[in-house]
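Written below as structure tokens is the structure these notes are about.
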Amino acid sequence: MNQNSGLPAKAQVQFDCKGRATGKMRNELEVTMKQPFDEGPFVMATDEGPFHGGDASAPPPLALFVAGLTGCIMTQLRAFAKRLDIRINDLDVETRVIWDWEAKGRIYETAPHSFEIDVLIDSDDELDKITALVEAAKKGCFLEQTLGQANKIKHRLKTENGWMDV
């Protein structure tokens, strides 16, 4: 067991999300943490602007993605600062995510171009301690670690005969 949190030394962290199309392009989402403990549900929505025929009634999915990445690193910085006895007087993070977009007939294809995260920490601690904090937070940020490696994403389609891999 981890003496600091009561959690095991290793665990899996699982989030599930159920989405339902409710408007022109609006999606209602219910996200729940399932492991290592239950939290949620967290209810949120996405929508698109006029480009995709939506009403812009909620943030687009990419805005939530960038917000999630920014919030993840900020959370780890503050959580790990406490564990490493580093005082943060003030913290700002500025994230830029750029994708390449290419028209392919009536549809388009995308690819990640760059992920840039600027960390502005006001602290009275030494630079080497602050640098070690940022390095630890990078390793502890679930989203940053996911983006930093090749991932296999599985898709299944519900059919009258059951689930089909797509």
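When you look at Asp92, is it surrounded by fewer than 10 Cβ atoms within 10 Å (Cβ to Cβ), assigned to a strand (DSSP E or B) and touching a strand residue (DSSP E or B) at 6+ places or on another chain (Cβ under 8 Å), yes or no?
Considered against the rule, which asks whether it is surrounded by fewer than 10 Cβ atoms within 10 Å (Cβ to Cβ), assigned to a strand (DSSP E or B) and touching a strand residue (DSSP E or B) at 6+ places or on another chain (Cβ under 8 Å), Asp92 comes out as no.
Is there a residue in the stretch 38-61 that is among the aromatic types (Phe, Trp, Tyr), closer than 17 Å to Gln145 by Cα and under 16 Å from the mean Cα position of the chain (by Cα)?
No, the stretch 38-61 contains no residue that is among the aromatic types (Phe, Trp, Tyr), closer than 17 Å to Gln145 by Cα and under 16 Å from the mean Cα position of the chain (by Cα).
Condition first: in contact with a Cys (Cβ under 8 Å, 6 or more places away or on another chain) and assigned to a helix (DSSP H, G or I). Now tell me which residues in the stretch 132-146 satisfy that.
Residues satisfying the conditions are Phe142, Leu143, Glu144.
Please indicate, with yes or no, whether at least one residue in the stretch 102-119 is acidic (Asp, Glu) and over 17 Å from the mean Cα position of the chain (by Cα).
Scanning the stretch 102-119 turns up at least one residue that is acidic (Asp, Glu) and over 17 Å from the mean Cα position of the chain (by Cα).
Take the conditions closer than 30 Å to Leu127 by Cβ, surrounded by fewer than 13 Cβ atoms within 10 Å (Cβ to Cβ), assigned by TED's automatic domain parsing to the domain that holds Ser114 and among the basic types (Lys, Arg) and apply them to Lys104. Does it pass? Can you show your working first?
Details: closer than 30 Å to Leu127 by Cβ: no; surrounded by fewer than 13 Cβ atoms within 10 Å (Cβ to Cβ): yes; assigned by TED's automatic domain parsing to the domain that holds Ser114: yes; among the basic types (Lys, Arg): yes.
No: the conditions fail for Lys104.
Just wondering, is there one or more residues in the stretch 122-131 that are in contact (Cβ under 8 Å) with a residue 40 or more places away in the chain and assigned to a helix (DSSP H, G or I)?
Within the stretch 122-131, one or more residues are in contact (Cβ under 8 Å) with a residue 40 or more places away in the chain and assigned to a helix (DSSP H, G or I).
Are any residues in the stretch 70-89 in contact (Cβ under 8 Å) with a residue 24 or more places away in the chain, part of a helix (DSSP H, G or I) and closer than 18 Å to Asp125 by Cα, and if so, which ones?
The answer is Gln76, Leu77, Ala79, Phe80, Ala81, Arg83.
The values are calculated or read from the model by the stated rules, or taken from the named source; none is laboratory data. Not measured: the values here are computed from a predicted model. Glycine gets a Cβ as well: all are built from the backbone with ideal geometry, and neighbour counts include every protein chain shown.
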